[in-house]
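Below: one structure, written as C-alpha cells.
The values are calculated or read from the model by the stated rules, or taken from the named source; none is laboratory data. Model, not experiment: these values are computed from the prediction. Every residue, glycine among them, receives a Cβ derived from its backbone with ideal geometry; neighbour counts consider all protein chains shown.
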Amino acid sequence: MEGSIPRHVGLIMDGNGRWAQARHMPRSLGHNAGMNAMIRISKRAKELGVSWLTVYVLSTENLASRPKEELDGLFGLFRKYFTVNVKKLYKQGAGVKVIGDLSPLPQDVKELLERGEKDSPAGAAFTLVFAVNYGSRAEIARAAASLSADGEEITEESLAKRLYTSDIPAPDLIIRTGGEKRLSNFLLYQGAYSELYFTDVLFPDFTPREFEKAIEEYSRRDRRFGGINELKR
C-alpha cells in the first residue's frame, strides 16, 4: 500500500446498534458484530504498519445512559474478548493498553482489563488501546486536579504527562464510522491536530478495505500543524 501510514489511529466505532435494529436484531448482536469487525481492523492496522490503534469502546456518557441490558451485553463481550482474543494478540507480538476510569465497572471486568494490560508484552510494535468508560473532558479535569494537588504548574507539557495517554503519541488520524461528524468527547486534547475521517458505513460493515480507504485519504492530506505549505502560498 503506497503513501504514508499514520503512526497512531483513533477509531470511533459508531453504528452497532443501528446496524442491529435495521436487521430487527437486539442491539447486543450489533455490538457482537462490531467486536468482530474491530478484531479484523486491528489485524489489518498491524499489517499496514500502524503502531497504535485506539478504539472507543465505551464512553462515560454510554455508561451513564445506556440500558442495563445493553451494558451487561457489552461487559459480556469484554469478558469474552479479554479471555480469548487478547492472548492471540500477545502471540502475534502485539500489546494491549486500557484508558479510562475503570472503577465503576463490574469487578471481574475491571480485573480482566487490568490484567490484559499488565500481561501485555513489553516493546510491542503494535498496541491496541481500549478506551473504556473514557471521556476526554473528565480525563483533562482529572489531570489538572492531579497537578494542582501536587502543587505543580499546569502547562501544556505537564498536563499531557498526566493524561491516560502520556506514553502514547498523539493520534495522526481519527476515524468515525456511522455517519455522525463529531468527536463525542474522544481524545479532544490529543487530537488537536489529528486528521479527521468520517464515513457513513456502520461499524459492523467497516471492513479492512474501508479502513484502507481512510488510510489512503490520510496519505493525501497536507499536514501543516498550523504552519504554511510553501508550495501552496
Check: So, of the residues in segment 104-121 that are of a type in the set (D, E, K, R) and more than 16 Å from the chain's Cα centre (by Cα), which turns out to be surrounded by the most Cβ atoms within 10 Å (Cβ to Cβ)?
Finding: 110
Next item on the list: Would you mention how many residues in segment 58-88 are closer than 20 Å to residue 20 by Cα, out of contact with any helix residue (DSSP H, G or I) (no Cβ under 9 Å at 6 or more places or on another chain) and without any contact (Cβ under 8 Å) to a residue 24 or more places away in the chain?
Entry: 2
Notebook entry, point to check: Checking residue 29 against (1) more than 30 Å from residue 123 (Cβ to Cβ); (2) in contact with a Pro (Cβ under 9 Å, 6 or more places away or on another chain), which single condition isn't satisfied?
Noted result: (2)
Next item on the list: Output yes when any residue across segment 132-140 is in contact with a Lys or Arg (Cβ under 6 Å, 6 or more places away or on another chain) and either over 27 Å from residue 182 (Cα atoms) or among the charged types (D, E, K, R) (or both), and no when none is.
Entry: no
Margin query: Which pairs turn up if I take residues in segment 89-101 that are among the acidic types (Asp, Glu) and look for partners that are crowded, with 22+ Cβ neighbours inside 10 Å with beta carbon separation below 8 Å, at least 6 apart in sequence or on another chain?
Written below: 101/133; 101/134
Next item on the list: Report the residue count in segment 104-121 for those that are under 22 Å from residue 71 (Cβ atoms) and in a loop (DSSP other than H, G, I, E, B).
Entry: 3
Check: From the list 83, 54, which residue is hydroxyl-bearing (Ser, Thr, Tyr) and over 30 Å from residue 216 (Cα atoms)?
Finding: 83
Notebook entry, point to check: Can you name the residue in segment 178-233 that is among the β-branched types (Val, Ile, Thr) and more than 22 Å from residue 27 (Cα to Cα) and, of all such residues, is modelled with the lowest pLDDT?
Noted result: 228
